[in-house]
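Reading through the structure tokens given below for one structure.
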Amino acid sequence: MDLRVHLSRAAGLAAAGIPRADSFRRWVEAALAAARRRRASEVSIHLVGDDEGRRYNRDYRGRDYATNVLSFPAELPAGVRTPLLGDLIVCAPVVAREAAEQHKPPRHHYAHMTVHGVLHLLGYDHHLDIEAEQMEAIERRALARLGIADPYV
């Protein structure tokens, strides 16, 4: 599968504690494989701080707080085929705080949030219990491929 992952970091966001680009690529690959997505794909991942994460969440979801990951699937006209799946916004401070609260390595939580976000780009959701079960099963499969423990235990 041809995969392009574009990683960017917001100005002023320290690189300390943020995984390397090749890690994000592996995590996207694992999500696509677990979801049985075999076509060429392209994903952009933008790492942000609390203020920018809060602004995106407020402006696009109407929730006035920073959240771990936001997914923006590519909205294309009917009939247009492209490898572009969409964009992920990952709020680095939130991911770091959640990892500490959940007593897990930050890399594992970054992996989980990346997989989770990619599944949203593919159209998976968790509003209904049956949807959540399906999405979580795919997340578990992707993370297991990476040697990462079940995040829902």
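The values are calculated or read from the model by the stated rules, or taken from the named source; none is laboratory data. Source: prediction; values computed, not measured. Cβ: placed from backbone, ideal geometry, glycine included. Neighbour counts: every protein chain shown.
Might you let me know whether region 33-53 holds any residue that is closer than 18 Å to Arg97 by Cβ and more than 17 Å from the chain's Cα centre (by Cα)?
Yes, because at least one residue in region 33-53 is closer than 18 Å to Arg97 by Cβ and more than 17 Å from the chain's Cα centre (by Cα).
Give the number of residues within region 30-45 that are closer than 16 Å to Asp87 by Cα and either surrounded by fewer than 19 Cβ atoms within 10 Å (Cβ to Cβ) or in contact with a Cys (Cβ under 7 Å, 6 or more places away or on another chain) (or both).
3
From Gly62, Gly12, which residue is modelled with pLDDT under 95, on the phi > 0 side of the Ramachandran plot and surrounded by fewer than 18 Cβ atoms within 10 Å (Cβ to Cβ)?
Going through Gly62, Gly12 in turn, the sole match is Gly12.
I'd like the full set of residues that are assigned to a helix (DSSP H, G or I) and touching a residue at least 40 places away in the same chain (Cβ under 8 Å), limited to region 8-43.
Ser23, Phe24, Arg26, Trp27, Val28, Ala30, Ala31, Leu32, Ala33, Ala34
Could you list, in sequence order, all residues of region 54-103 that are among the basic types (Lys, Arg) and under 30 Å from Arg38 (Cβ atoms)?
Correct list: Arg81 only.
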